[in-house]
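A.B. asks: Here it is, the structure in full.
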Amino acid sequence: MADNKVSNNDSPACLSDNVCFALYTAGNALMRAYRPLLDQYELTYPQYLVMQALWLKDRASMTQLSQATRLDMGTLSPIVKRLEIKLFLQRLPDETDERKKVIALTTTGLSLQADALSQKQTLLEKVSMTEQEIESLRVLCLNLTTQLNQK
């Protein structure tokens, strides 16, 4: 995959011609847009990802959360610890193997779901992209991630 548009001299005319720059700045803009929405729940974006993963599948192992959020264990562990301190989740013994722990939502964590997920609509109202364009962007980003992660 080329990182920039093809020009007469094979170099980008400006930084925004680079795919990597466009993705980087879009990601930063998205995080800045999410920040004030998540501040009301005292959540960072990575914490919000963990909560979303648990809203989709409660009582998950750390491995399952890592796979769902694509956060490595070194990053995920302190996030889970902070969410546990905030009483949004708890670590419980696995019902099938008490030596293992599962991460489970608390009542407080579960009660955030509807309101926090509605923030997506607030963000969508800030952009003039159609649902089809947003879906295409999502699919393209996931495809790029998959291809770049292949060995």
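A.B. asks: Looking at (1) under 16 Å from the mean Cα position of the chain (by Cα); (2) part of a loop (DSSP other than H, G, I, E, B), find the lone condition where K126 falls short.
C.D. replies: (1)
A.B. asks: What number of residues in segment 64-89 are acidic (D, E) and either within 14 Å of Q52 (Cα to Cα) or loosely packed, with under 15 Cβ neighbours inside 10 Å (or both)?
C.D. replies: Within segment 64-89, residues that are acidic (D, E) and either within 14 Å of Q52 (Cα to Cα) or loosely packed, with under 15 Cβ neighbours inside 10 Å (or both) number 1.
A.B. asks: Take residues that are farther than 30 Å from L148 by Cβ and tell me which of the helices (runs of 4 or more DSSP H) falling wholly in segment 7-115 contain 1 or more.
C.D. replies: By residue number, 19-39, 73-85, 107-111.
A.B. asks: If you check every pair at least six apart or on different chains, which have Cβ atoms under 8 Å apart with a residue in segment 16-39 that is in contact (Cβ under 8 Å) with a residue 12 or more places away in the chain and at positive phi first and a residue that is surrounded by fewer than 12 Cβ atoms within 10 Å (Cβ to Cβ) and among the hydroxyl-bearing types (S, T, Y) second?
C.D. replies: The qualifying pairs do not exist here.
A.B. asks: Could I ask something else about it? Out of (1) in a helix (DSSP H, G or I); (2) exposed (fewer than 12 other Cβ atoms within 10 Å of the Cβ); (3) in contact (Cβ under 8 Å) with a residue 24 or more places away in the chain; (4) not acidic (D, E), what's the single condition that is false for Q132?
C.D. replies: Condition (3) is where Q132 drops out.
A.B. asks: Quick check: anything in segment 90-97 closer than 12 Å to M51 by Cα, β-branched (V, I, T) and more than 16 Å from the chain's Cα centre (by Cα)?
C.D. replies: No, the conditions are met nowhere in segment 90-97.
A.B. asks: Quick test for you: out of L65, L43, L37, pick the one residue that is under 13 Å from the mean Cα position of the chain (by Cα) and at pLDDT below 95.
C.D. replies: It is L43.
The values are calculated or read from the model by the stated rules, or taken from the named source; none is laboratory data. The structure displayed is predicted, hence computed values, not measured ones. Quick reminder, even Gly has a Cβ in these numbers, built from the backbone with ideal geometry, and neighbours come from all protein chains shown.
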